[in-house]
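All remarks here apply to the structure that follows.
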Amino acid sequence: MTAKRRVRKAVRKGETKTKPAEQLVAANSVNRALNIMGDRATLLILNCAFLGVRRFNDFKVVTGIAPSLLTDRLRRLDDAGVMRRAVYSKRPPRYEYRLTEMGLGLHDTALMMIRWERRWHFDPNSPMQRPVHSTCGKEFTPEFTCAACGQFADARDVYATDGPGSGLDKPQGPRAQRRSTKMEETPKTVHKMLERAGELLGDRWTSHVVASAFRGAKRFADFQEQLNIASNILTDRLNRLVEAGILKKHLYQVRPERLSYKLTEEGRDLFPLIMTLMSWGDRWLDGGKGAPVIVRHKGCGTKLVPKITCNHCHEVVDHHNVTAPHSEALKSFSANRRHN
Ligand SMILES: [Zn+2]
Ligand SMILES: [Zn+2]
């Protein structure tokens with residue numbers, strides 16, 4: 001039985017026996033990854049960590065996140081194994097936060113956020129959007145390619161099959177986990193620095209809805225089945241995504257009125273971002289069972305493993321060869337943004 005059919009069966013059972021919150025959803029690594037980092041403050045902390053920020057006070061200045069929220073998110077990242085708190089001064093005791101190997105694995109995702117921002121919402125004044133590839137010395141746009149054949153792969157160039165870890169997961173995050181970050185808790189700079197990719201991924205349900213659209217959800221019921229999401233929240237997020245230009249609505253039935261939702265070109269271009277998240281989730285969050293879903297590249301027939309390259313020299317880009325903007329530049333950028 002495929003994961004999809006298992007879900008249908010579980011959902012049918014759920015209608016009579018369990019409350020919606022207990023229904024199961026098809027296991028997939030993107031949802032697992034988003035449950036850890038699909039939160040505005042967390043995303044910003046991670047992006048800053050990739051730019052070399054390590055100390056609490058620097059995180060506070062650069063991100064503008066309130067100390068209590070910052071403490072909480074750093075602790076969660078530590079618990080999840082993404083960052084480690086380490087002593088950098090014994091007297092007085094001082095700590096800094098370093099990305100672990102697991103955390104460094106999210107570098108590809110950070111690069112794909114930058115790629116999307118540069119392609120659709122380029123802001124020349126944002127230091128975060130202007131990485132330099134030290135291999136060739138040029139400011140670059142990270143490119144997403146298939147590691148096996150070196151070609152760019154679009155959402156339409158791939159197909160998915162059940163992997164060894166396919167099955168059912170508990171319903172994903174939002175309700176079961178922490179409350180989502182309220183707008184007022186994250187100041188303007190948070191949105192400005194991550195612009196739209198942060199807006200999309202940083203809201204837990206929004207990011208889950210986008211990921212679902214990549215898994216083929218089109219109708220309202222498809223999203224509900226994949227996510228076990230309350231209808232009022234789903235309606236709200238679908239509308240927001242239509243407004244943001246990520247999804248477009250189609251009327252597929254007039255009486256009663258039924259709508260379907262498709263990714264726009266801009267929305268489809270989030271595919272590399274979703275794929276790097278999936279790949280990270282497969283590596284770190286599979287619970288030892290293997291990937292729940294295998295995505296294959298139609299072009300070469302192999303499992304799609306992301307390889308990020310530079311658009312100038314076409315060499316690999318990783319956390320060793322990207323030059324981050326100086327932390328002073330980040331701080332003054334943050335300060336300016338906050339005053340505007
Ligand atoms: Zn390929
Ligand atoms: Zn280069």
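Couple of notes before you dig in:
- The residues neighbouring L104, those whose beta-carbon lies less than 12 Å from its own, together hold a net charge of 0 under the Lys/Arg +1, Asp/Glu -1 convention.
- Net charge, F56 excluded, C-beta distance under 11 Å - Lys, Arg +1, Asp, Glu -1: +3
- Calculated P(r) tail over 15 Å for segment 53-149, as whole % of Cα pairs: 72 percent
- Listing E257, E143 from fewest to most neighbouring C-beta atoms within 10 Å gives E257, E143.
- Qualifying aspartates and glutamates (Cα of each under 19 Å from Cα of K303; at least 8 residues distant if same chain): D108, E143, D154, D157, D162, D282, D286
Quick note: the coordinates plus some simple rules give every number you see, no bench work behind them. Since the structure is predicted, the reported quantities are computational estimates derived from the model, not experimental observations. Every residue, glycine among them, receives a Cβ derived from its backbone with ideal geometry; neighbour counts consider all protein chains shown.
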